[in-house]
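All of the numbers you see were taken from the coordinates with simple rules; none came from a lab. Note that this is a predicted model, so its numbers are computed, not measured. A quick note on method: Cβ atoms are made from the backbone with ideal geometry, for glycine too, and the neighbour counts reach across all protein chains shown.
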Amino acid sequence: MLNGIFWVLRSGAPWRDLPERYGPRTTCYNRFVRWRKAGVWDRLMDGITKAHDGKVQMIDTSIVRVHQQDATVKGGQDHCLGRSRGGLTTKIHALVDAQGRPIKLMLTAGQMSDIASAVDLITDLPEGAMLLADKGYDANALRNVITERKAWANIPPKANRKDRSVSVPSAKTVPTDRDTLRQAGRKLPCRRQTRRYPLRSNESTA
């Protein structure tokens with residue numbers, strides 16, 4: 001049953017296309033929905049993410065195109081849908097550890113900026129930890145929040161930054177790999193099917 005649920009979430013296929021080897025599709029679907037409403041998935045992921053290494057954390061976003069069947073979603077619910085240059089999209093904000101293991105995920109509409117959910121993602125950033133991010137997260141407000149948590153930011157400054165006094169740790173002194181963050185982003189779903197299993201905009205999926 002679990003493998004059947006994971007197959008649908010990973011492939012983005014309709015529940016009716018679930019291979020027979022996973023059992024009745026109605027069983028997988030109903031169990032998935034009941035567990036989501038009961039918060040079982042959140043509790044499972046909270047238990048898994050406790051094993052992460054919090055000394056080095058990396059943050060980034062990924063844009064995903066919304067499934068064509070979701071373009072006409074009705075009901076007035078917030079499905080984190082928005083229009084950007086790629087059309088109707090959703091943005092996944094991911095916080096991962098140095099091994100690419102997810103710590104926390106959040107969803108916003110596709111046109112939201114990368115830094116929009118950064119503060120909410122790093123609420124549990126431990127003292128002395130390092131946050132690794134790209135230039136999209138270069139903002140004084142975020143740097144101040146990181147400093148207040150007695151952590152430090154490994155964020156390169158934007159080309160148009162007026163204050164060039166911000167320091168960026170040398171790659172020789174910091175054992176981090178930006179490719180790890182990119183690889184973690186590739187593991188995220190290639191598309192969402194919000195009509196079948198919608199998530200609220202403030203719902204953590206980690």
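Peptides 95-101, 12-18, 28-34 ranked from most to least packed by the mean count of surrounding Cβ atoms within 10 Å: 95-101, 28-34, 12-18.
Take peptides 123-129, 133-139 and line them up by average Cβ neighbours within 10 Å, highest first, as a rough protection proxy.
133-139, 123-129
From the alpha carbon centroid of the range 1-24 to that of the range 88-142 is 30 Å. Here the Karplus relation 6.51 cos²θ - 1.76 cosθ + 1.60, evaluated at θ = phi - 60°, turns the backbone of the range 117-128 into coupling constants of 10, 4, 4, 5, 6, 9, 4, 9, 4, x, 5, x Hz, with x for every Gly and Pro.
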